[in-house]
Every structure is written in C-alpha cells, then in structure tokens.
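**Student:** My questions will all concern the structure given below.
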Amino acid sequence: MVLYGLLDALDSSTLPFTITLILVVIVFCVLFKQNRRKQREPPVLLNLIPHLGSALTFGADPLKFLHNAKESLGSATFASYIAGKRMVFFTSPSSWPEILRAPPSSLRFDVVGLEVMANAFSVPNSKAKMAQIGVGGKATHAQFIKYLSTKEHLDNLSSKARDSLYTTLTATAATAAATTTTTLPLYGTIFPIIFRATMCSLFGNDHPLSTSSSFHEDFSTFDDKFPFLAGGAPPIAFKGATSALARLASTLTYKTAPKDASGIMKARHELFSTFDMSDKERSYCQVVMVWAAVANTIPACAWTILYILKNAEAKAAVEKEVRGIASGAGDYDVTKFDEMPILTSCVTETLRLTSASLTVREVGSGGFQMKDGTKLREGDRVAIYPPILHFDNSVFEDSKTFRYDRFIKSPELASKVMPFGGGISRCPGRFFAQREVKAFVCAVFSACTIDLADPSTPFPNFDPNRVGLGINQIKPGEDVQIKIRPTNKQN
Ligand code: HEM
C-alpha cells in the first residue's frame with residue numbers, strides 16, 4: 001500500500017527512474033547481506049548475482065572455482081552463495097575429519113538427505129522424515145551395515161550380480177557376433193547389463209525391474225533430470241521424469257513385495273510398513289535404493305573398462321589376473337574379487353579420476369565453531385569436494401594420469417580416495433559396488449574379446465550436469481564405440 005501511494009505521488013516522467021532506483025537498492029541490500037562477514041567467520045566470495053550466486057561458475061569447473069576462490073581470498077575455507085544457499089567450502093583435507101566426525105546434531109546430514117528425498121523422489125518431507133529416521137538413524141544404519149556389509153549378505157548380492165552379468169554380457173556379445181553389427185556404444189551396451197544385474201541382486205531374478213527392459217528407459221529418463229529435481233526445480237517442469245519415477249515405484253508396492261528379494265530390501269520393506277505411510281509413499285522410499293544402487297555403478301563400470309582398454313599394459317595385467325580366478329564359465333568365487341590387487345588398483349584409480357561427489361552437512365541450531373575458531377552460522381551448508389584431493393599432484397603424482405598400478409606401488413594412498421563420501425552418510429553400498437564393478441570386468445575379460453573400435457578415440461568429456469552427485473557420466477553424444485565378441489568366436 002505504501003509503495004502504491006508512493007508511486008501515485010510520482011509523475012510518469014520520473015517513474016522509470018524511481019523503479020530502477022528501488023530495484024538497485026533491493027539488489028544492493030541483498031548483495032550486502034550475502035557478502036557480509038561477521039567476526040571469525042570465513043571470508044565470503046563476492047557474488048554479484050543474487051540467489052544464483054556462484055552456481056554456474058562452480059558447475060562449469062568445480063576445481064577451478066575452488067582453487068581460484070581459495071587463492072583470491074587467501075583462505076582454504078570460504079563461503080559462497082550457490083543457488084540461494086550459503087555454502088562454506090573446506091578445501092583443505094586436514095579439516096575434513098573434524099567435519100565428518102562432528103556430532104550429527106551440529107553438522108546435520110538428515111536435513112540434506114530429507115531434502116533430496118522430498119525434491120527428487122517426491123516423498124513429502126514429513127513422510128520422508130519417517131523413512132529417514134530409519135535411513136539416517138540407528139535402525140536403518142544398522143540395517144545397512146548388516147545387509148550390505150556382512151559377508152553372508154554381501155556374498156549373496158555379489159553372486160546374483162555375477163550370474164546376471166555373465167549371462168547378459170555373453171548374450172550381448174554373441175548377438176553382436178551373429179549380426180552385421182561391427183561396433184557398439186560402450187555406455188549404451190553396459191547400461192542394461194549393470195541395471196539388470198543390480199536389480200536381480202536387490203529384488204530377485206523374477207522381479208519386473210529385473211525382467212522388463214522398459215524400465216531401463218524409465219530409469220534413464222528419471223536419472224537425466226535427477227540433478228535438476230534434487231536441486232529443487234519444480235517437478236511439474238519435468239513431467240516425463242516424474243512419470244518415469246512413478247512407473248519404477250509402481251513395481252515396489254507393498255503388495256508386490258518380492259519373495260526372493262535381498263535381505264536389505266526385505267528389511268526396508270518391513271521397517272517402512274511400520275511407518276504411517278501410504279503404500280505409494282513406501283514404494284517411493286524403496287525406489288531411492290534403485291537409484292542409489294545403479295546411478296553411480298553404471299558409469300563406474302564404463303570408465304573402468306575404458307581406462308583399461310586405453311592402456312595396453314593395464315589391459316594385459318588385468319587379463320592375466322582375471323585368468324587366474326576365472327574359469328571362463330563365469331562361475332568364479334566372488335570372495336576372490338577382494339584378492340585381486342591389479343583390478344582393485346584399476347578400480348580405485350578410475351574412481352579417483354571420475355568421482356565428483358560433494359559431501360554436504362547443514363549447520364544445526366546455535367551454529368558451530370571449528371577447533372581453529374572458525375564460526376559457522378546456523379543453516380550454513382558445509383561442503384567437502386574430495387576431487388580437490390584426488391587431483392593434488394603433491395599427493396597423487398601426475399594426478400591427471402591413469403596409473404593402473406598406483407595403489408600397488410603406494411597402497412597407503414587408497415585411503416585418500418573418497419568416491420563414497422564420508423562420515424555418517426558414507427555410501428553403505430560401497431563394498432557391493434566395488435565387487436560389482438570387478439565382477440563386470442572379470443566377465444568381460446574372461447568371456448569376451450573387447451577392443452576400442454578406434455584406439456585413438458579421445459576420452460569423452462564429463463557431463464557437467466552431474467557435478468556433486470557421485471561418479472561423472474559421459475557427456476551425452478560422446479559415448480565411445482567398442483568391438484566385443486565372445487572369446488571362442490572371434491571375428
Ligand atoms: C560406484 C558406485 C557407487 C558410488 C560412487 C556411490 C557413492 C555414494 C555417495 C557419494 C553417497 C553419498 C555420501 C555422502 O553424502 O556423503 C552415497 C550414498 C548412498 N549409497 Fe552409494 N554409491 C555407489 C553405489 C551404491 C550401491 C551399489 C548401493 C546399494 C546397493 C548404494 C547405496 C547408497 C545409499 C543407500 C546411500 C545413502 C546413505 C544414507 O543416506 O545414509 N550405493 N553413495
């Protein structure tokens with residue numbers, strides 16, 4: 001009302017000037033508030049774009065952004081606005097243990113997890129909270145440890161993945177050999193093989209997600225838009241993705257609970273059935289596992305094969321090691337995957353080079369003070385970006401190069417590779433994920449003859465939309481072509 005009265009009082013010749021002045025003052029106030037720094041708080045990176053802040057610069061090249069900001073501010077810890085959130089980046093790995101070990105109520109993961117559940121998986125926040133009580137709380141943390149890490153369950157998951165991988169891979173290679181198809185896209189070929197194997201492990205061989213290829217497209221459609229949805233974009237803008245999610249979730253209702261599902265999926269099913277949720281909401285909470293189990297494992301498999309194929313010495317060494325455990329019929333002992341130093345080193349090196357995960361916490365009520373005195377405001381998002389360590393030449397010599405035996409020569413470096421995040425939110429599926437990647441490489445090199453269609457093909461670029469989410473994906477349109485045949489029927 002006051003503003004209308006003011007505008008009325010102005011004559012039309014001064015109106016445009018007055019409106020511009022008001023807007024400038026508002027922008028100035030927002031920028032002043034954003035860039036203000038209180039005592040003992042980290043320096044603030046000057047942002048001239050309200051709300052969006054440094055989102056575009058960070059997304060375009062996170063390492064360059066972090067190094068430039070650190071240098072220009074003269075501080076390894078600094079605050080910056082990213083898409084409306086005040087993020088405090090800790091670029092020095094020496095500060096990471098303190099953050100990852102902070103009490104969960106001081107540096108909270110639950111708020112961050114709930115936000116993703118609500119934004120990307122359409123689980124209403126209060127319902128998500130109940131599911132999260134399980135996920136982040138003692139009950140489901142214990143479930144994750146029991147059903148994703150203990151030998152019996154891990155061996156069970158890995159054996160199912162191994163069997164499916166071998167069968168589907170050899171069938172794919174045989175089809176390629178029997179037809180005129182001379183080359184296949186690497187990522188496009190791997191995707192359905194890993195998706196199916198992971199679904200067989202989690203839900204059993206007869207579950208619709210394991211048997212029907214229509215869900216491959218649904219997963220891709222949802223996963224493509226996942227970064228936008230998780231970032232808070234309105235679901236209405238991504239109707240195709242939300243419909244695809246609904247179709248995936250419709251296979252996971254209470255009534256369709258599969259008999260031969262894995263221990264983890266059965267345990268979650270039972271836990272969610274005790275919550276005050278609708279059947280539909282429970283199925284959306286379950287579909288989170290589908291995304292978590294597949295979204296990073298597929299690119300991890302693709303990059304591992306690609307790095308090995310690009311390096312003749314690595315390929316020869318891996319092939320020799322695989323022959324040592326695999327009979328060629330795919331019935332190798334899954335526990336042997338943990339005893340393959342060359343393949344383990346290749347997988348860790350691949351994860352080091354391709355990981356882009358961001359570990360985020362929200363500062364709880366009352367703020368938080370670091371041991372060095374740095375003060376963090378309540379509501380600040382604290383961010384750790386492990387690739388800043390992965391590409392530190394003083395730690396990983398010649399850090400941009402794939403050295404297949406890096407972790408055989410320097411085993412102590414393996415603990416500095418953090419593709420699975422850290423602290424309370426550290427990926428509980430990491431043991432299974434690494435076994436699955438190894439099972440896939442073993443199936444490829446024991447049963448197939450595989451080569452790049454053109455050995456001089458350059459490495460594809462990373463898809464910039466995936467920054468912060470896990471393993472980088474190949475930029476759309478840059479998939480590389482491979483030649484693959486069953487070993488006993490060479491071309
Ligand atoms: C190469 C493959 C994988 C990578 C790189 C990966 C990476 C990650 C990362 C970075 C996080 C978040 C950590 C954080 O916020 O600090 C995470 C969370 C999670 N991952 Fe994985 N993951 C992989 C495979 C898997 C698999 C196969 C499963 C399940 C079978 C799985 C289940 C989960 C779950 C349930 C969470 C959420 C944990 C929580 O909310 O506490 N992941 N993963």
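**Student:** Tell me yes or no: at least one residue of segment 287-308 is more than 24 Å from the chain's Cα centre (by Cα) and surrounded by fewer than 23 Cβ atoms within 10 Å (Cβ to Cβ).
**Tutor:** No, every residue in segment 287-308 fails to be more than 24 Å from the chain's Cα centre (by Cα) and surrounded by fewer than 23 Cβ atoms within 10 Å (Cβ to Cβ).
**Student:** So ASP405 clears everything in (1) surrounded by 18 or more Cβ atoms within 10 Å (Cβ to Cβ); (2) out of contact with any Lys or Arg (no Cβ under 8 Å at 6 or more places or on another chain) except one condition, right? Which one?
**Tutor:** It fails just one condition, (1).
**Student:** For GLY423, all conditions in the list (1) near the ligand (Cβ under 7 Å from one of its atoms); (2) surrounded by 18 or more Cβ atoms within 10 Å (Cβ to Cβ) hold save one; what is the number of the exception?
**Tutor:** Of everything listed in (1) near the ligand (Cβ under 7 Å from one of its atoms); (2) surrounded by 18 or more Cβ atoms within 10 Å (Cβ to Cβ), GLY423 misses just condition (2).
**Student:** Given the residues ASP463, ASP479, which is the only one that is of a type in the set (Asp, Glu), away from the ligand (no atom under 11 Å from the Cβ) and farther than 18 Å from ILE194 by Cα?
**Tutor:** ASP463
**Student:** Tell me, yes or no, whether segment 354-377 has at least one residue that is within 23 Å of the chain's Cα centre (by Cα), among the charged types (D, E, K, R) and closer than 30 Å to LEU469 by Cα.
**Tutor:** yes
**Student:** Further question: Output the number of the condition that PHE407 fails; it satisfies all remaining conditions of (1) within 29 Å of PRO42 (Cβ to Cβ); (2) part of a helix (DSSP H, G or I); (3) more than 19 Å from the chain's Cα centre (by Cα).
**Tutor:** (1)
**Student:** Then there is this: Identify the residue in segment 418-453 that is of a type outside the set (Gly, Ala, Ser) and more than 21 Å from the chain's Cα centre (by Cα) and, among all such residues, is nearest to LEU107 (Cα to Cα).
**Tutor:** Out of the qualifying residues, it is CYS442.
**Student:** Of everything in segment 167-176, what is buried (at least 18 other Cβ atoms within 10 Å of the Cβ) and within 18 Å of ASP451 (Cα to Cα)? Give them in sequence order.
**Tutor:** LEU169, THR170, THR172, ALA173, ALA176
**Student:** Among (1) under 30 Å from PHE58 (Cβ atoms); (2) in contact with a Phe, Trp or Tyr (Cβ under 6 Å, 6 or more places away or on another chain); (3) in contact (Cβ under 8 Å) with a residue 24 or more places away in the chain, where does ARG435 come up short?
**Tutor:** (1)
**Student:** Oh, and also: Note down all Cβ pairs under 9 Å where the first residue falls in segment 202-220 and is closer than 20 Å to ALA241 by Cβ, the second is within 16 Å of the ligand (Cβ to nearest atom) and in a loop (DSSP other than H, G, I, E, B), and they're at least six residues apart or on different chains.
**Tutor:** Listed pairs, sorted by first residue: PHE219/ALA295.
Yes/no per residue for (1) in a helix (DSSP H, G or I); (2) without any contact (Cβ under 8 Å) to a residue 12 or more places away in the chain; (3) within 13 Å of the ligand (Cβ to nearest atom):
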| position | (1), (2), (3) |
| --- | --- |
| LYS225 | yes, no, no |
| ALA237 | yes, yes, no |
| LEU245 | yes, no, no |
| LYS259 | no, no, no |
| ILE264 | yes, no, yes |
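**Student:** Return the residue satisfying two criteria in turn: it lies in segment 466-476 and is in contact with a Leu (Cβ under 9 Å, 6 or more places away or on another chain) and more than 20 Å from LEU309 (Cα to Cα), and of such residues it is farthest from the ligand (Cβ to nearest atom).
**Tutor:** VAL467
**Student:** Check segment 288-309 and report whether any residue there is away from the ligand (no atom under 16 Å from the Cβ), more than 15 Å from CYS442 (Cα to Cα) and not hydrophobic (A, V, I, L, M, F, W, C).
**Tutor:** No - not one qualifying residue is present in segment 288-309.
**Student:** Look at LYS70 and say whether it is surrounded by fewer than 14 Cβ atoms within 10 Å (Cβ to Cβ) and modelled with pLDDT of 90 or more.
**Tutor:** So LYS70 fails the test.
**Student:** Taking the conditions exactly as written (more than 9 Å from the ligand (Cβ to nearest atom), part of a strand (DSSP E or B), buried (at least 19 other Cβ atoms within 10 Å of the Cβ) and not basic (Lys, Arg)), does VAL382 satisfy them or not?
**Tutor:** The answer is yes for VAL382.
**Student:** Let me ask something additional. In this structure, does ALA233 turn out to be of a type in the set (A, V, I, L, M), part of a helix (DSSP H, G or I) and touching a helix residue (DSSP H, G or I) at 6+ places or on another chain (Cβ under 9 Å)?
**Tutor:** Answer is no for this residue.
**Student:** Answer yes or no: is there a residue in segment 73-91 that is modelled with pLDDT of 90 or more and within 12 Å of the ligand (Cβ to nearest atom).
**Tutor:** So far as segment 73-91 goes, no, none of its residues is modelled with pLDDT of 90 or more and within 12 Å of the ligand (Cβ to nearest atom).
**Student:** If you scan segment 355-387, which residues turn out to be closer than 22 Å to GLN434 by Cα and of a type in the set (Val, Ile, Thr)?
**Tutor:** THR359
The values are calculated or read from the model by the stated rules, or taken from the named source; none is laboratory data. Being a predicted model, the structure only gives us computed values, none of them experimental. For neighbour counting, all protein chains shown are included, and Cβ atoms are generated from backbone atoms with ideal geometry for every residue, glycine included.
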